[in-house]
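**Q** What follows is a structure written as structure tokens; I'll ask about it next.
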Amino acid sequence: MWTRAELKQRAKGVLRFNYWKAFLISLVILLAGGGGGSGSGGGSSYRSYREPPRNIDTGTIVVVIIVFLLVMLFFLALRILLGYPLEVGGQRYFVKSAEDKDNKKCFSFAFEGQNYNGIIPTMLLRGIFTFLWFLLLIIPGIIKSYSYSMVPYILGDNPNIGAKRAIELSNEMTYGHKFDMFVLDLSFIGWYLLGALALGIGVLFVLPYDNATHAELYLVLRQKALYHNMCTYEELLLDRPDGDGYDGPYY
């Protein structure tokens, strides 16, 4: 069984040589992932109920709604067409760094014609599935988000594996590990709280550590999948290793 300590120790070893580049890549991933907007509803004051009703300009309201929807559609399109490949390329960088392999041109890799055409529909389908699960209930949504969490890493290996297969393989990789993955995420809360003390800016400096650790997790889960014939080296476009390959824990 993998442990948090092992993953974090490996991540620290990787970041020791390329922290600042990993920091920049992490910023790109953060921006590509989009931020959760928070809406606040303002209530009317007591005095407003005593005032006579004002004429409502319905034309203005319609224009505001249309503009709002267009802005939302623009940012949604930006997330899909630009954010998805940037996210996959960024995670590919961390995986390649963990493997001590060439980690250059990971972003351009994600934007290459055939790769790009494979990434967009797969990540979109993953997003739709996750959204639908969250509509059902919060807890099932959280569980399924962990089930689908390996999809960007899988696409970083083979962008053209197919949407259905990438989601299926991510489900298989994370089976029996979701609670441990949740605890792994919780283990970063202390770091993020410390980062928040520096006007929130310090949080950004935790991101490379977080991303590098999750890349190590993917390598462990991927090796487990290969070891148990859930997938093949050819399917993930991996070179077969000499000897027993990856020397980390299988699972």
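Any read-out appearing in this document is the output of simple, stated calculations on the displayed coordinates, not a laboratory observation. Treat the numbers as computed from the prediction; the structure is a model and nothing was measured. Here the Cβ is made from the backbone with ideal geometry for all residues, glycine too, and neighbour counts use every protein chain on show.
**Q** Going by how many other Cβ atoms sit within 10 Å of their own, how do VAL67, VAL151, VAL88, VAL220 line up, fewest first?
**A** Values: VAL67 10, VAL151 28, VAL88 32, VAL220 21.
By the 10 Å Cβ count, ascending, the order reads VAL67, VAL220, VAL151, VAL88.
**Q** Another question, if that's okay. Taking a ≥ b ≥ c as the square roots of the Cα gyration tensor eigenvalues, with a/c under 1.5 meaning rounded and otherwise prolate when a/b beats b/c, else oblate, which class fits the stretch 167-232?
**A** prolate
**Q** Provide the FRET efficiency to the nearest 0.05 for the LEU136-LYS164 pair, computing r from the beta carbons and using R0 = 22 Å.
**A** It comes out at approximately 0.60.
**Q** Which angle from 0 to 90°, rounded to the nearest 10, does the C-alpha axis of helix 84-98 make with the longest principal axis of the chain?
**A** The angle comes out at about 30 degrees.
**Q** Compute the helix-to-body angle for 4-33: its Cα long axis versus the longest principal axis of the chain, expressed 0 to 90° and rounded to tens.
**A** Value to nearest ten degrees: 40.
**Q** Per-residue ellipticity at 222 nm for the chain, helices alone: DSSP H runs ≥ 4 residues times -39500 (n - 2.57), over residue total, nearest 500 deg cm²/dmol?
**A** When only DSSP H runs of four or more count, the value is -21500 deg cm²/dmol.
**Q** Moving to a separate point now. With angles folded into 0 to 90 degrees, how steeply does helix 58-78 sit against the dominant principal axis of the chain? Use alpha carbons for both and round to 10.
**A** Computed tilt is about 10 degrees.
**Q** Any idea what log10 I(q)/I(0) is at q = 0.15, 0.16, 0.18, 0.20 Å⁻¹ for the stretch 106-251, Debye with uniform C-alpha scatterers and no solvent?
**A** Log-scaled intensity ratios, in q order: -0.89, -1.00, -1.18, -1.32.
**Q** For LEU31, what charge total do you get from the other residues with a beta carbon under 14 Å from its beta carbon, if Lys and Arg give +1 and Asp and Glu give -1?
**A** Its environment carries a net charge of 0.
**Q** The chain: Rg/Rh from Cα coordinates, Kirkwood Rh?
**A** 1.06
**Q** So if I take the alpha carbon set of the stretch 60-192, get Rg, then get Rh from the Kirkwood formula, what is the Rg over Rh ratio?
**A** Rg divided by Rh gives 1.04.
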